Amino acid sequence: MFVSLCSVLRYHRAFLPSGKNLKESLVTLEEDLVKLKDELQHVAQSIPNMTHPDVPVGGEDSSAIRQEVSYFCQNSLNSCVDEGILLSKVFLKTFIIFLCRLVVHVSLVFQ
């Protein structure tokens, strides 16, 4: 279908005022958003930060380590490397499946 330049310019001139109005209303909305964010921040800062009664009073020097937890490398360096390789293989397989599905989706969309 061929669209002439004159018809495009006619539509452009017809919608130009409404576009300017939208731009002005966007500026007003953005100013209102800034005011609302400031008000929300002020209200949120007035809420007290209540901690659990079991939390020790004091700084880091009065803290105690109760348990150290590690999700990887619990046995040895070799197991850490093995787990890293396993995770890399799982990630690569998942990524390849994702790419295949994406290619199929794109080919269906552009048919």
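Tell me, what ³J(HN,Hα) does each residue in region 96-103 have, in order and in whole Hz, if you take phi through Karplus 6.51 cos²θ - 1.76 cosθ + 1.60 with θ = phi - 60° and put x for Gly and Pro?
Values, residue by residue: 5, 4, 4, 5, 4, 5, 5, 5 Hz.
What value does region 1-47 have for Rg/Rh, both radii from Cα atoms and Rh as Kirkwood defines it?
1.45
Each reported figure results from applying straightforward, stated rules to the coordinates on display, with no laboratory input. Only a predicted model underlies this, so the values are computations on that prediction, with no experimental measurement involved.
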